[in-house]
Ligand SMILES: [Mg+2]
């Protein structure tokens, strides 16, 4: 595969859920949906496929994900149902969240980035992801350095609240005083990649499940092992 370095002075913006952390969001959505359907539409199926999850739910704010999940089950996503599902899903997610681990390739990538001094930053649409990641970084070689970079990326609250994804990406770039067109975004969700393109970042789609999702002009990798952290950026495949 031909490869190109991003050159000096590239900020590497890493999505957290699904890119670095193997977070149990999909099981929580499935169980949450089953519970809501049990109360309101017991004849419907709560099955959300991996593909449906990545196409319509992953990487979105919780309410948007809840509306999509209800739609997948064939239910009208009224504000009351959306809120109910969002709350139930969050409860179930938090029950399971302590089991969250870094993907092995993410661990290797972050170790290499810390070794090389790669300018990495972090971005998430979730209120929990930053905290979950913060608990797992100290186990890495460059844990303190990575923790500092996580805190600078997400700000004093550790998350951006429910802002749309493009705005979250703009805030990360601003937190580092870099213009978005000098940032590379690595994200496992198509919605994240499209948001990156919208704000002028150069995205790389991490297709861990081989879903064959593609965005024009966006390189796709199956694992973070295909990306090499460099002192000034990242070596990445050509789209
Ligand atoms: Mg993600």
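Do you know which residues across segment 43-55 are buried (at least 18 other Cβ atoms within 10 Å of the Cβ) and either within 13 Å of the ligand (Cβ to nearest atom) or modelled with pLDDT under 90 (or both)? First the steps, then the outcome.
Restricting attention to segment 43-55, the residues satisfying the condition of being buried (at least 18 other Cβ atoms within 10 Å of the Cβ) are 46, 48, 53-54.
Across segment 43-55, the qualifying residues are 46, 53, 54.
Check whether at least one residue in segment 4-12 is in the same structural domain as residue 220 (by TED's automatic domain parsing) and within 17 Å of the chain's Cα centre (by Cα), and report yes or no.
Yes.
Do we have residue 228 as in the same structural domain as residue 13 (by TED's automatic domain parsing), at pLDDT below 95, touching a strand residue (DSSP E or B) at 6+ places or on another chain (Cβ under 8 Å) and surrounded by fewer than 21 Cβ atoms within 10 Å (Cβ to Cβ) here?
Details: in the same structural domain as residue 13 (by TED's automatic domain parsing): yes; at pLDDT below 95: yes; touching a strand residue (DSSP E or B) at 6+ places or on another chain (Cβ under 8 Å): yes; surrounded by fewer than 21 Cβ atoms within 10 Å (Cβ to Cβ): yes.
Considered against the rule, which asks whether it is in the same structural domain as residue 13 (by TED's automatic domain parsing), at pLDDT below 95, touching a strand residue (DSSP E or B) at 6+ places or on another chain (Cβ under 8 Å) and surrounded by fewer than 21 Cβ atoms within 10 Å (Cβ to Cβ), residue 228 comes out as yes.
Among the residues in segment 109-119, are any farther than 20 Å from residue 231 by Cβ, touching a residue at least 60 places away in the same chain (Cβ under 8 Å), within 16 Å of the ligand (Cβ to nearest atom) and touching a helix residue (DSSP H, G or I) at 6+ places or on another chain (Cβ under 9 Å)?
Of all residues in segment 109-119, those farther than 20 Å from residue 231 by Cβ come to none.
No: zero hits.
For segment 184-191, does any single residue satisfy the condition of being at positive phi, touching a residue at least 40 places away in the same chain (Cβ under 8 Å), crowded, with 18+ Cβ neighbours inside 10 Å and out of contact with any strand residue (DSSP E or B) (no Cβ under 6 Å at 6 or more places or on another chain)? Write out each step before concluding.
Initially, segment 184-191 is screened for residues at positive phi, giving none.
Within segment 184-191, not a single residue is at positive phi, touching a residue at least 40 places away in the same chain (Cβ under 8 Å), crowded, with 18+ Cβ neighbours inside 10 Å and out of contact with any strand residue (DSSP E or B) (no Cβ under 6 Å at 6 or more places or on another chain).
If you check 87, 12, 82, 64, which single one turns out to be surrounded by fewer than 23 Cβ atoms within 10 Å (Cβ to Cβ) and within 16 Å of the ligand (Cβ to nearest atom)? Let's see the steps before the verdict.
Numbers: 87 fails: within 16 Å of the ligand (Cβ to nearest atom); 12 fails: surrounded by fewer than 23 Cβ atoms within 10 Å (Cβ to Cβ); 82 fails: within 16 Å of the ligand (Cβ to nearest atom).
Residue meeting the stated conditions: 64.
Here are some residues: 212, 217. Which one is more than 23 Å from residue 25 (Cα to Cα), part of a loop (DSSP other than H, G, I, E, B), in the same structural domain as residue 130 (by TED's automatic domain parsing) and more than 16 Å from the ligand (Cβ to nearest atom)? Steps first, please.
On the way: 212 fails: more than 23 Å from residue 25 (Cα to Cα).
Being more than 23 Å from residue 25 (Cα to Cα), part of a loop (DSSP other than H, G, I, E, B), in the same structural domain as residue 130 (by TED's automatic domain parsing) and more than 16 Å from the ligand (Cβ to nearest atom) holds for just one of 212, 217, which is 217.
Within segment 187-203, take every residue that is within 16 Å of the ligand (Cβ to nearest atom) and assigned to a helix (DSSP H, G or I) and give me the one that is nearest to the chain's Cα centre (by Cα).
First pass over segment 187-203, keeping only residues within 16 Å of the ligand (Cβ to nearest atom): 187-197, 201, 203.
After this cut, where a residue has to be assigned to a helix (DSSP H, G or I) as well, the list is 190-197.
On the way: 190: 10, 191: 10, 192: 7, 193: 10, 194: 13, 195: 12, 196: 12, 197: 15 Å.
Per the stated criteria, the residue is 192.
Would you tally the residues in segment 168-178 being surrounded by 13 or more Cβ atoms within 10 Å (Cβ to Cβ) and out of contact with any strand residue (DSSP E or B) (no Cβ under 9 Å at 6 or more places or on another chain)? Steps first, please.
Going residue by residue through segment 168-178, those that are surrounded by 13 or more Cβ atoms within 10 Å (Cβ to Cβ) are 168-173, 175-176, 178.
Next cut, out of contact with any strand residue (DSSP E or B) (no Cβ under 9 Å at 6 or more places or on another chain) only: 170.
The qualifying residues number 1.
The values are calculated or read from the model by the stated rules, or taken from the named source; none is laboratory data. Only a predicted model underlies this, so the values are computations on that prediction, with no experimental measurement involved. Please note: Cβ atoms are built from the backbone with ideal geometry, for glycine as well, and neighbour counts cover all protein chains shown.
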